[in-house]
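Student: Pasting in a structure now, in structure tokens, and then I'll have a few things to ask.
The values are calculated or read from the model by the stated rules, or taken from the named source; none is laboratory data. Keep in mind that what you see is a predicted model, and the values were worked out from it rather than measured. Cβ placement follows ideal geometry from the backbone for every residue including glycine, while neighbour counts extend to all protein chains displayed. To get the accessible areas, we keep the full protein, side chains included, count just its heavy atoms, and leave off ligands, DNA and RNA. Shrake-Rupley method; radii C 1.70, N 1.55, O 1.52, S 1.80 Å.
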Amino acid sequence: MAYRVIQWGTGNVGAFSLRCIIDHPELELAGVWVHSHSKAGKDAGELCGAPSTSIRATNDADALRALDADCVCYTATADLRPFEAVQDICRILASGKNVVSSSVVPLVHPKSFVPELRDQLATACQQGGTSFFTSGIDPGFANDLLPLTVTGLCGHWEEVRVQEIINYATYNQPTVLFETMGFGKPLDDTPLLLTPGTLEFAWGGTVQLLAEGLGVTLDAVTSWYEKRPAVKPIRIGTHTVEAGTMAGLRFEVRGIVGGRPAIVVEHVTRLDDDLAPEWPAGHGSYRVIVTGFPKIRCELEFEDERGDHAVGGVILTATRIVNAIPAVCEAAPGLLSALDLPLVTGRGLYRA
């Protein structure tokens, strides 16, 4: 019997996860929540480029929580509303529905999340007899399950480094690009992402998850970043990133053991492939580098139907959580991480 799933949000990730739910042989779409009044009443298929369905989108959250469903795929943007999103998720869990999500990214490792909020989520799971799993591609598969698997080939390791190397010029999230990340702003501007403690909040859970999986105790989690300016105007949608403003951002979130970085999550983000040639380069990929015996380098490349790497990464976020829905529904109630789930595969997804 198919698991009945509600899609919560139809934005950058949500449109892809909705499409995947409709197409998935083990899932049945039960409902769709939308924030925009202009989307309310539209057929779910229209919102994601899929064939028409019998499901109409709504912004009535209470009605959706009252539906008979096994799981909610919660992808509503939470960068500027993480605590509100946690309360949304608590209400859904308490209503008796499991949740998979990509929204509040530190929750990839619930054990290291804000204790008060973690306890609220755990209580909601107990009330509803439900499970909660946060993942995606980054934070998510590319910097938890993939590097953990690769380290299983080592005789010993000294450093695990995971790099995201992507041109974000086609990333369809203007608020994230120009406000949260600060592209197009003066180099001396401090956007939300680079305010003290924010990098550690967003990716600290990933570093702690790797540490738990690798059996090491971290002394601290720290961060570092540097910026590069555009050398010519860069047009992105309705925005122009002017020469001299930020068009390249590189940062690291480091898990420190014995006074040195042992686990590093690094992002190398450009709006122009020619920027910062001294930075690590790729073709749109996640790269795992394990320094040890032996030294291992694993490259994960991806693209959408048009060859776009940034959009391909968004699709991976959607497919990771949608494909995990059966395992999450079958798990014991509680807060889950990648360490708690069985191997999630493309079971049933083959097309001749």
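Student: Tell me, Kirkwood radius of the range 7-118 from alpha-carbon pair distances, in Å?
Tutor: 14.4 Å
Student: Net charge around Glu46, counting only other residues with Cβ within less than 12 Å of its Cβ (Lys, Arg = +1; Asp, Glu = -1)?
Tutor: Around Glu46, the charge tally is +3.
Student: Regarding the chain, what are the three Cα extents along the principal axes, ordered largest first, in Å?
Tutor: Result for the chain: principal-axis Cα extents of 53, 48, 46 Å.
Student: Which percent of Cα pairs goes in each bin when the distances of the range 84-177 are cut into 10 angstrom slices starting at zero?
Tutor: P(r) over the range 84-177, rounded to whole percents: 14, 35, 28, 20, 3.
Student: When the Cα atoms of the range 263-320 are enclosed in a convex hull and the volume is divided per residue, what value in Å³ results?
Tutor: 114 Å³
Student: Looking at the range 1-150, what % of its DSSP beta bridges pair antiparallel, to the nearest 5?
Tutor: Approximately 10 percent, going by the DSSP bridge assignments.
Student: Can you tell me the equivalent ellipsoid semi-axes for the range 28-79? Use √(5λ) from the Cα gyration tensor, largest first, whole Å. Present the calculation step by step, with values, prior to reporting the outcome.
Tutor: Values: eigenvalues 52, 42, 26 Å².
Its equivalent ellipsoid spans semi-axes of 16, 14, 11 Å.
Student: Let me ask you something else. Please list the three semi-axes, largest first and in whole Å, of the ellipsoid equivalent to the range 152-282, using sqrt of 5 times the eigenvalues of its alpha carbon gyration tensor.
Tutor: Calculated on Cα positions only, the semi-axes equal 30, 15, 12 Å.
Student: Still on this structure, please answer the following. Kindly provide log₁₀ I(q)/I(0) values, in the same order as q = 0.12, 0.22 Å⁻¹, from the Debye equation applied to equal alpha-carbon scatterers of the range 48-105.
Tutor: -0.32, -0.97
Student: Convert each backbone phi in the range 15-32 into a coupling constant with the Karplus relation 6.51 cos²θ - 1.76 cosθ + 1.60 (shift: θ = phi - 60°), then list the ³J(HN,Hα) values in order as whole Hz, x for Gly and Pro.
Tutor: 5, 6, 5, 4, 4, 5, 5, 4, 7, 6, x, 9, 10, 10, 5, 10, x, 9
Student: Just the projected area, averaged over all directions, of the convex hull on the alpha carbon atoms of the range 202-352: how many nm²?
Tutor: 13.1 nm²
Student: Residue by residue through the range 96-105, which ³J(HN,Hα) values in whole Hz follow from phi under the Karplus form 6.51 cos²θ - 1.76 cosθ + 1.60 (θ = phi - 60°), with glycine and proline marked x?
Tutor: x, 10, 5, 9, 10, 8, 10, 8, 9, 5
Student: Considering the convex hull of the alpha carbon atoms of the range 64-139, report its projected area averaged over all viewing directions, in nm², one decimal.
Tutor: Details: hull surface 18.6 nm².
With every direction weighted equally, the projected area is 4.6 nm².
Student: Also: Return one whole number: the accessible area per residue of the range 211-352 in Å², for a 1.4 Å probe.
Tutor: Numbers: 6920 Å² over 142 residues.
In whole numbers, the range 211-352 has 49 Å² accessible per residue.
Student: Could you give log10 I(q)/I(0) at q = 0.13, 0.15, 0.21 Å⁻¹ for the range 216-289, computed by the Debye formula over C-alpha point scatterers of equal weight, without solvent?
Tutor: -0.50, -0.62, -0.93
Student: Could I ask something else about it? Running Debye on the range 82-239 with equal point scatterers at the Cα sites and no solvent, what base-10 log of I(q)/I(0) appears at q = 0.08 Å⁻¹?
Tutor: Summing over Cα pairs of the range 82-239 leads to -0.30.
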